[in-house]
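A quick write-up on the structure given underneath.
We did not get these values from a lab; they are worked out from the coordinates using the rules stated. None of the values given here were measured: they were computed from a predicted structure. Positions of Cβ are generated from backbone atoms using ideal geometry, with glycine treated the same way; all protein chains shown enter the neighbour counts.
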Amino acid sequence: SEQTTPERLKDHIAAQLQQARERSEGLTLDILDDDELTRQHSPLMSPLVWDLAHVGNYEEQWLVRAAAGQRALRPDIDVIYDAFENPRAERVHLPLLSPGEARAYNAAVRARVLDSLERARFEGGPPLLNGGFVYGMVIQHEHQHDETMLATHQLRRGAPALPDPPPPAPASAGRPAGEEVLIEAGPFTMGTDDPWAYDNERPAHTVHLPAYLIDTVPVSNARYLEFMADGGYDERRWWSDAGWEWRTRSGKRAPAFWHRDPGGWLRRRFGRIEPVPPEEPVQHVCFHEAQAYAAWAGKRLPTEAEWEKAARYDPASGTTRRFPWGEEEPSPRHANLGQRLLRPAPAKSLPAGASPAGVHQLVGDVWEWTSTPFRAYPGFRVFPYSEYSEVFFGSEYRVLRGGSWATHPGMARATFRNWDFPIRRQIFAGFRCARDAEPV
Ligand code: AVJ
Ligand code: FE
């Protein structure tokens, strides 16, 4: 997608680096005091100041040391900001940089990066720099931690810290599309060879799928409430063995952050209490809850390949798109991304973002659980390091697709793969359903 001159690509990279840092500081240094930045808001999350210096340390390792070949600034802190060395719940006990030190450290790293960017060569050198890949990797890494910091904000107690713009109006009932659409049997191109994509999205390869039906919108709060009212959390038959084990052990009976009030269901969202909006996609449900709902509805979760074909395949031309709406970069018209809102948008409020088959809200709003474990595509090759993707391959994690309202547009390509444990609820995840097409 970065078909441009090296100079324009460098300007683009510098602007994207700057934008990511403004976002990170907007979630931390600009709005919270040192106590709020250094305390542990939840055992599920890092202290915010850990994420902040971690993105700086990652940038130092990849852009200052690996890409530019410069001397390390702070090799002594690598171990503190190594996610594998330190479980989230324990990071608060590490000798972390203070918020002021983290700001200065990140700025010192960034100054070296911008200086060396001017001399960088993106062609004919090491693969790490081809097409500016490693810069894109570092930019995407920072935005992923910004989304993680938003999950910390959601778990945080106390007065609201983030501005909360109003959502768009729900779509007018002018021309209601069907509940589900048929995706015909046949091949499509899954994955990508995009130069800025992660190794786990590669290589582009052909996948044949039988015909299936997929919901045109993610499951709404109203629908999810029907499952709850019908005793969905109490009926063993809707749950997998692992799901029922989670259900009984956790005692959960509603999405995270919901509680019942005499007047109906309320939720806490970034420090504000409000009625659960019926037309919004449900979020903060785990994989097990998504699977149980789908069983109750007489459906199932889509596979990862089914999700991607619904998002990218254009039956009219037989081609596979970068985004559901085509090749154009995402705009607010297409998708609810980039933390412009602190919530998913109501059903079908962005018709310009629908896929050729008429599937809405695939990109943005909520991450969507799929039934597929996180595994390598055929022909996968580690690049540039196994700790991004490869060490997570296996049956423990499920793939999530499409990005959430908190995901930066730079990661909204419809090949992007996220993954998490099937019990996770603090991420901005929901789901849609699918089912096999009746044999003809
Ligand atoms: C792709 C979102 C699962 O946050 O654990 C951040 C991204 N990798 N730092 C995560 C990531 C290294 C990753 N996810
Ligand atoms: Fe990280």
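Residues with beta-carbon under 12 Å from that of R260, excluding R260: net charge, scoring Lys, Arg +1 and Asp, Glu -1? Walk me through the numbers before you get to the answer.
On the way: positive: R253, R267; negative: D261.
Taking every Cβ under 12 Å from that of R260, the sum is +1.
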Could you pull out every one of the aspartates and glutamates with an alpha carbon less than 14 Å from that of K10, ignoring same-chain neighbours closer than 8 positions?
E2, D115, E118, E123
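Which order do the peptides 206-217, 57-68 take when ranked by the mean count of other beta-carbon atoms within 10 Å per residue, highest first?
On the way: 206-217: 18.3, 57-68: 21.5.
Listed from highest to lowest mean packing, they are 57-68, 206-217.
Fewest to most neighbouring Cβ within 10 Å: what's the order for V285, V138?
Details: V285 25, V138 22.
Exposure proxy ranking, most exposed first: V138, V285.
Mind checking the dipole of region 74-202: about its Cα centre, +1 per Lys or Arg Cβ, -1 per Asp or Glu Cβ, Debye to the nearest 20? List each step's numbers first, then the result.
Details: 12 positive and 20 negative charges, 111 e Å.
Computed charge dipole of region 74-202: roughly 540 debye.
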Report, as a whole number in µm² per second, the diffusion coefficient that Stokes-Einstein gives for region 305-360 at 4 °C and 1.567 mPa s using the Kirkwood radius over alpha carbon pairs.
109 µm²/s
Rounded to whole Hz, the Karplus (6.51, -1.76, 1.60) HN-Hα couplings of region 415-420, x for glycine and proline
9, 5, 10, 10, 8, 7
Theoretical ellipticity at 222 nm over the chain - DSSP helices of four or more residues, -39500 (n - 2.57) apiece, nearest 500:
-8500 deg cm²/dmol
Residue order, fewest to most beta carbons within 10 Å, for C286, C433:
C433, C286
Sorting E308, E289, E36 on the 10 Å Cβ count, fewest up front, what's the list?
E36, E308, E289
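For the chain, return all DSSP H helices satisfying: extent of Cα atoms along own axis at least 15 Å; mean Kyte-Doolittle hydropathy at least -0.5. Numbers along the way, then the final one.
Working: long enough: 6-26 (30 Å, -1.45); 48-59 (17 Å, 0.12); 99-117 (26 Å, -0.16); 133-155 (33 Å, -0.35).
For the chain, where a helix must reach 15 Å along its axis and average at least -0.5, the hits are 48-59, 99-117, 133-155.
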Residue by residue, what Karplus-based ³J(HN,Hα) values in Hz, rounded to whole numbers, does region 256-261 have, using 6.51, -1.76 and 1.60 with θ = phi - 60° and x for Gly and Pro?
4, 6, 9, 8, 8, 10
With a Förster distance of 22 angstrom and the Cβ-Cβ distance between T206 and E184, calculated FRET efficiency to the nearest 0.05 equals 0.90
Projected onto the charge dipole of region 143-274 (+1 at Lys/Arg Cβ, -1 at Asp/Glu Cβ, origin at the Cα centre), which of H205, V181, G232 gives the Cα projection farthest towards the positive end?
G232
Cα lying deepest toward the dipole's positive end in region 78-160, options H145, N130, L155, charges on Cβ:
L155
Straight-line reach check, K309, cutoff 26 Å on alpha carbons, 8 or more apart in-chain or any other chain, hits among lysines -> K299, K348
What distance in nm separates the two pseudo spin-label positions at A376 and D436, each 7 Å out from Cα along the beta-carbon direction?
3.1 nm
Consider just the alpha-carbon atoms of the chain and return their Rg together with their Dmax, both in angstrom.
21.7, 67
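Let me know the charge dipole size of the chain about its Cα centre in debye, to the nearest 20, where only the beta-carbon of Lys, Arg (+1) and Asp, Glu (-1) is charged.
Working: 51 positive and 60 negative charges, 117 e Å.
Computed about the Cα centre, the dipole is about 560 debye.
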Region 209-238 to region 90-126: how many Å between their Cα centroids?
45 Å
